1. Using a probe of 1.4 angstrom, how much of the accessible area of the chain is carbon and sulfur, in percent?
2. With label points built 7 Å along Cα→Cβ from the Cα atoms of Arg3 and Glu54, find their separation and express it in nm.
3. Put Cys16, Cys46 in order of accessible area, largest first, 1.4 Å probe: what do you get?
4. With only Lys, Arg, Asp and Glu charged, each at its Cβ (+1 for the first two, -1 for the last two), find how big the charge dipole of the chain is about the Cα centre; round to the nearest 20 debye.
5. Helix 38-51 versus the longest principal axis of the chain: what is the Cα-based angle in degrees, 0 to 90, to the nearest 10?
6. Mind checking the per residue accessible area of the chain for me, 1.4 Å probe, whole number of Å²?
7. Before rounding to the nearest 500, sum -39500 (n - 2.57) across all DSSP H runs of length at least 4 in the chain and divide by the residue total; then give [θ] at 222 nm in deg cm²/dmol.
8. So, in nm, how far is label Glu35 from label His19 when the simple model puts each one 7 Å beyond its Cα toward the Cβ?
Amino acid sequence: MTRRVAVRVRTGRPQCVVHEQPDGSLLVELTQQPEQNKANRELLTCLRKHFSCEVRLVAGATSKKKIVS
């Protein structure tokens, strides 16, 4: 079974940090700016380390609100 998680992204932060929210969603702070897909690549890398499994972007490639699986 694949779990989908809502993610809100903040870019331009000093380091990559994942904050779990009370509603089950995630707030992820990223160092990269949303240019040329850099922030999305960093998001997936950061979440792979956090969850220790494969993560993919399901929706929201050009939005601050995303869904990952």
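1. On the way: 2280 of 4780 Å².
Carbon and sulfur atoms account for 48 percent of the accessible area of the chain.
2. Label at Arg3, label at Glu54, 1.8 nm between them.
3. Working: Cys16 50, Cys46 15 Å².
Result, largest first: Cys16, Cys46.
4. On the way: 13 positive and 6 negative charges, 26 e Å.
Charge dipole of the chain: 120 debye, to the nearest 20.
5. Its long axis makes an angle of about 40 degrees.
6. Numbers: 4780 Å² over 69 residues.
Dividing the accessible area of the chain by its residue count gives 69 Å².
7. Numbers: 1 runs with 14 residues, N = 69.
Mean residue ellipticity at 222 nm (helix-derived): -6500 deg cm²/dmol.
8. 2.6
The values are calculated or read from the model by the stated rules, or taken from the named source; none is laboratory data. Remember, predicted model here, so these are calculated numbers, not experimental data. Methodologically, a virtual Cβ is constructed for each residue, glycine included, from the backbone with ideal geometry; neighbour enumeration extends over all protein chains shown. Just so you know, the surface numbers come from the protein's heavy atoms only, side chains and all, with ligands and any DNA or RNA stripped out. Shrake-Rupley method; radii C 1.70, N 1.55, O 1.52, S 1.80 Å.
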